[in-house]
Amino acid sequence: MRRKDREMPAEFAYMVADKCEYAVMAMNDIGGEPYCVPITIVREDNRIYFHSASEGKKTDCLKRDGRVCISCVGDTQRMKNKFTTEFESAIIKGKAEEVLDEDEKIHALKILCERHTPANMAEFDDAIKRSLPRTAVWRIYVDEITGKRKKYDSEGREMKFGRME
């Protein structure tokens, strides 16, 4: 990380991952070409889960090379009196593996739904019955996580080196 003064601890990075609306996952396509897609994620301990269709370009890339990098963006705010933006972000590196155990797959889908669509949980069991066979679930064990933030305090000074207000 070039701007060490904006680096935040791992706990902060996990907090950003836990609250981001979606993340962007980068993978290696055929010939090592970059390929990235937005995904909805949920974290449980040092595991990140996401779902996808059972086939397609993302699945092909992951089955060929499971190494991934995920970018999560938390809160942002354009500054009115400066040419800058407050932000918080996390970068996660790991290896994606398809979840084949049905119980773990259902658990991952449940915590994904609890996080992203909690008002619909009464319909979860019916949705699982209909869609489980055609839904893939992937697990990423976090190998590395970094967090970064640019934020100003109430007096307009940038809070560097992880300083909180």
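When you check E102 against the structure, is it touching a strand residue (DSSP E or B) at 6+ places or on another chain (Cβ under 7 Å) and among the charged types (D, E, K, R), yes or no?
Considered against the rule, which asks whether it is touching a strand residue (DSSP E or B) at 6+ places or on another chain (Cβ under 7 Å) and among the charged types (D, E, K, R), E102 comes out as no.
For segment 47-56, how many residues meet the condition of being at pLDDT 95 or above and open to solvent by 50 Å² or more (accessible area, probe 1.4 Å)?
Final tally of qualifying residues: 1.
So is E102 modelled with pLDDT of 95 or more, of a type in the set (D, E) and either open to solvent by less than 30 Å² (accessible area, probe 1.4 Å) or under 21 Å from the mean Cα position of the chain (by Cα) (or both) or not?
Answer is no for this residue.
If we scan segment 67-88, do we find a residue that is closer than 25 Å to A26 by Cα, at pLDDT 95 or above and of a type in the set (F, W, Y)?
no
With respect to A90, determine if the residue is among the small types (G, A, S) and open to solvent by less than 20 Å² (accessible area, probe 1.4 Å).
yes
Any idea which of E165, E114, E158 is open to solvent by 50 Å² or more (accessible area, probe 1.4 Å) and more than 18 Å from E21 (Cα to Cα)?
E165
In segment 62-78, which residue that is open to solvent by less than 40 Å² (accessible area, probe 1.4 Å) and of a type in the set (A, V, I, L, M) is nearest to V42 (Cα to Cα)?
I70
Between a residue in segment 45-68 that is in contact (Cβ under 8 Å) with a residue 40 or more places away in the chain and of a type in the set (F, W, Y) and any residue that is assigned to a helix (DSSP H, G or I) and surrounded by 15 or more Cβ atoms within 10 Å (Cβ to Cβ), which pairs come within a Cβ distance under 7 Å, given they are 6 or more apart or on different chains?
Y49/A108; Y49/L112
Only residues that are modelled with pLDDT of 95 or more and out of contact with any Cys (no Cβ under 6 Å at 6 or more places or on another chain): list them for segment 26-45, please.
The answer is C36, V37, P38, I39, T40, I41, V42, R43, E44.
What single numbered condition from (1) part of a helix (DSSP H, G or I); (2) closer than 20 Å to T135 by Cα fails to hold for R43?
(1)
The values are calculated or read from the model by the stated rules, or taken from the named source; none is laboratory data. The model shown is predicted, which means the values in this text are computed figures rather than measured ones. Counting neighbours? That spans all protein chains shown, and the Cβs are built from the backbone with ideal geometry, glycine included. Side chains are part of the model used for accessible areas, which takes the heavy atoms of the whole protein and leaves out ligands, DNA and RNA. Shrake-Rupley method; radii C 1.70, N 1.55, O 1.52, S 1.80 Å.
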